[in-house]
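What follows is a single structure, written as structure tokens, with notes after it.
The values are calculated or read from the model by the stated rules, or taken from the named source; none is laboratory data. Keep in mind it's a predicted model, so treat the numbers as computed, not measured. Using ideal geometry, Cβ is built from the backbone for each residue, glycine included, and neighbour counts are taken over all protein chains shown. Ligands, DNA and RNA are excluded from the accessible area calculation, which covers all protein heavy atoms including side chains. Shrake-Rupley method; radii C 1.70, N 1.55, O 1.52, S 1.80 Å.
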Amino acid sequence: MSTDNLNNTDSILPGTKPVTERLKSSPEQIDSVLIRKGKSGHDINIITDLCKKNKIRFTFVQEPVLEKLFNGNHQGVIAKIFDAGFLDEDTVLEMGLSAHLPLVLVLDQVQDPGNAGTLARTLYGIGGGGLIVPKHNASFLGAAAAKASAGALGKLPVAKATNLSRTLELAKDMGYFVYGAYMGDNAESLYTAKLHTPAVLVLGNEEKGIRPNVGKRIDISLTIPMRNDFDSLNVAQAGAMIMSQFLAKHGS
């Protein structure tokens with residue numbers, strides 16, 4: 001078995017029967033299911049039906065994709081596991097209202113598990129309320145993210161959202177102010193903007209930033225003024241700086 005497999009076996013569940021049983025017993029722990037292309041039959045129908053029932057993403061992939069994750073006898077089926085389990089976004093937002101720091105972090109297609117884990121670690125450390133990630137095109141919160149989070153992902157309320165735009169509308173209905181990290185001309189300086197709570201902070205993809213449809217739901221765009229000729233920070237660094245300002249103003 002490769003080093004990569006050794007590092008990720010805690011986050012991978014191979015085999016038709018084990019995946020089916022986990023879908024039945026603890027569907028909230030399953031991030032997604034991968035099935036070998038061309039594989040069919042009654043067992044596969046059960047798996048896909050359970051995924052649909054529980055709104056879990058499943059994808060048919062080529063054999064090398066499965067082999068990269070697990071080169072043992074996976075029977076053409078692998079589930080990616082998030083041991084702590086996902087909550088409903090409504091639940092995470094509700095829990096966020098009563099957190100020490102009522103701040104919920106929304107990651108809009110952040111791809112790097114190290115960034116996702118580091119952000120979760122910072123948020124949990126300052127008493128933040130929870131984390132919401134999209135169901136599609138988000139970093140897998142597996143072994144790499146868990147390691148970067150130093151255990152925070154196992155303690156922080158986490159949800160997966162089918163549509164982040166609707167999630168932000170829901171947050172507004174619950175009384176949240178929605179902030180987003182931007183570099184645009186209309187963004188306000190982090191150090192002079194009014195930071196209200198309860199708040200949702202949206203951080204975008206490492207390369208593309210926040211998607212336009214998600215950005216339309218943001219109340220206040222924040223930017224970090226740079227003193228030197230340098231145009232951006234790593235998303236985990238920027239997120240930590242922004243979260244620290246919420247803590248300074250509302251964390252007592």
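Only one entry of LEU119, LEU66, LEU101 meets the criterion of being open to solvent by less than 10 Å² (accessible area, probe 1.4 Å) and outside any helix (DSSP H, G or I), and that entry is LEU101. For the residues ALA161, ALA238, ALA187, the requirement of being in contact (Cβ under 8 Å) with a residue 24 or more places away in the chain, in contact with a helix residue (DSSP H, G or I) (Cβ under 7 Å, 6 or more places away or on another chain) and not charged (D, E, K, R) singles out ALA161.
Every listed requirement among (1) more than 18 Å from HIS136 (Cβ to Cβ); (2) open to solvent by 80 Å² or more (accessible area, probe 1.4 Å); (3) part of a loop (DSSP other than H, G, I, E, B) is met by LYS55 save one, (1). If the condition is being open to solvent by 10 Å² or more (accessible area, probe 1.4 Å) and assigned to a helix (DSSP H, G or I), then the range 104-116 contributes PRO113, GLY114, ASN115.
Given ILE35, ILE81, which one is under 30 Å from ARG166 (Cβ atoms), free of Cβ contacts under 8 Å to residues at least 60 places away in the same chain and of a type outside the set (Asp, Glu)? Explain how you work it out, then say what you get.
Details: ILE81 fails: free of Cβ contacts under 8 Å to residues at least 60 places away in the same chain.
When all the criteria are applied, what remains is ILE35.
Just to be sure, is GLU89 surrounded by fewer than 20 Cβ atoms within 10 Å (Cβ to Cβ), under 19 Å from ALA159 (Cα atoms), touching a Leu at 6+ places or on another chain (Cβ under 8 Å) and in contact (Cβ under 8 Å) with a residue 40 or more places away in the chain? No: the conditions fail for GLU89.
Are there helices (runs of 4 or more DSSP H) fully within the range 124-230 with at least 3 residues that are under 17 Å from LEU107 (Cβ atoms) and open to solvent by less than 30 Å² (accessible area, probe 1.4 Å)? List them. First the steps, then the outcome.
On the way: elements: 143-149, 164-173, 212-215.
Those helices (runs of 4 or more DSSP H) span 143-149, 164-173.
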